[in-house]
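To start, the structure itself, in structure tokens.
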Amino acid sequence: MDQAQVHAEPRAWRPSALTTATGPILVSSHRSCWTETSENSLDGIRRCIAEGIDIGEIDVRTTRDGALVLMHDQTVDRTTNGQGAVAELTLAQIRQLRLYARGGRNGAALTARRVPTLQEALAVARGRILLNLDVKAADIGPMVAAILETDTARDVLLNINAGVDPQQVAWARSLGIAVQTLYFDEKTGAAGRSGQLQALASQEPTVLQLIFRDPAVVGAATEAVGRRPVRLLVNTMALDIDSGRPMDLAGPYLDTVAVEHPEQVWGKLIASGVSIIQTDEPQRLLAWLKRKKLR
């Protein structure tokens, strides 16, 4: 499918698929199909759309002059042919840079792709795919303004960092923007696990993302959520794109295992109540779900 077809045949996104906890298992592509394009690129989002992936995860940072751009790292060094911190560069300076293929470094080819703004990414996604907005360095006000400007309130899942003003969170939700909160088991510990999960679930975020080493966290989260319309998201990415070191986000549930033994990873997570899986193997996961008639 070429780029023109991607835009000519938008895939209707039904918000109920996200907000209904008993809906279909959803596939989220870590950094939006980066293995076939470039990390955090418009082409990556388009590739996810073309391949029927439900969610594309992107990272958002703020430039020196207040623009919102897609970039995971604090600096542009790894993924572009430039140098410097995003927060110290203007949008015009970042516009001059080109993205490397895949995750950059290690001899990656330099492409003609440019660093997108958040507004550009939202425009590509509108009505075609859900974008999981991992806010690395941006205030919620400008994020919401960009979402409203592009009419994509139904097309995003907004990660809310700890410490954000609850009134701002309520404001985002009142505008129909789905909200994702994070449970980080290493910070909570086994003793406080149940109480913290209950507290987070009681706030009824659209999605609760779980970061853990102990697989018992998934069962505890499922129990805490109960009948509430809250989806659980687990990351099965195994290795950090930059360093190649283990990401350690979900204990034994790793893409590297799932490639050969999907039942041991994706199957167990789904059986335990997880309904969104974020992965570096989105095409494999989607194909497996279809074979299992879960899609």
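Scan region 99-113 residue by residue and report those that are part of a loop (DSSP other than H, G, I, E, B), closer than 16 Å to Asn40 by Cβ and open to solvent by less than 80 Å² (accessible area, probe 1.4 Å).
Across region 99-113, the qualifying residues are Ala101, Gly103, Gly104, Ala108, Thr111, Arg113.
Applying the selection to region 131-151, what residues are more than 12 Å from Asp59 (Cα to Cα) and either surrounded by fewer than 18 Cβ atoms within 10 Å (Cβ to Cβ) or modelled with pLDDT under 95 (or both)?
Once the filter is applied, which keeps residues that are more than 12 Å from Asp59 (Cα to Cα) and either surrounded by fewer than 18 Cβ atoms within 10 Å (Cβ to Cβ) or modelled with pLDDT under 95 (or both), region 131-151 yields Asp139, Ile140, Gly141, Pro142, Ala145, Leu148, Glu149, Asp151.
Name every residue in region 188-208 that is without any contact (Cβ under 8 Å) to a residue 40 or more places away in the chain and aliphatic (A, V, I, L, M), in order of residue number.
Matches in region 188-208: Ala190, Ala191, Leu197, Ala199, Leu200, Ala201, Leu208.
Sort out which residues of region 32-56 are open to solvent by 10 Å² or more (accessible area, probe 1.4 Å) and within 21 Å of Thr79 (Cα to Cα), and write them in order of number.
Trp34, Thr35, Glu36, Leu42, Asp43, Arg46, Arg47
Across region 250-289, what is the total count of residues that are out of contact with any Lys or Arg (no Cβ under 9 Å at 6 or more places or on another chain), of a type outside the set (D, E, K, R), part of a loop (DSSP other than H, G, I, E, B) and crowded, with 20+ Cβ neighbours inside 10 Å?
The total comes to 1.
Only one of Ala109, Ala67 is farther than 21 Å from Leu131 by Cβ and among the small types (Gly, Ala, Ser). Can you tell me which?
Checking each option against the conditions leaves just Ala109.
I need the full set of residues from region 187-218 which are open to solvent by 50 Å² or more (accessible area, probe 1.4 Å), closer than 23 Å to Val169 by Cα and of a type in the set (S, T, N, Q), in order please.
Gln196, Gln198, Ser202, Gln203, listed by residue number.
Sort out which residues of region 24-79 are in a strand (DSSP E or B), small (Gly, Ala, Ser) and under 12 Å from the mean Cα position of the chain (by Cα), and write them in order of number.
Residues satisfying the conditions are Ser28, Ser29, Gly56.
The values are calculated or read from the model by the stated rules, or taken from the named source; none is laboratory data. Quick caveat, the model's predicted, so the values are computed rather than measured. FYI the Cβ positions are ideal-geometry reconstructions off the backbone, even for glycines, and counts take in every protein chain you see. In case anyone asks, the SASA skips ligands and DNA or RNA and just uses the protein heavy atoms, side chains included. Shrake-Rupley method; radii C 1.70, N 1.55, O 1.52, S 1.80 Å.
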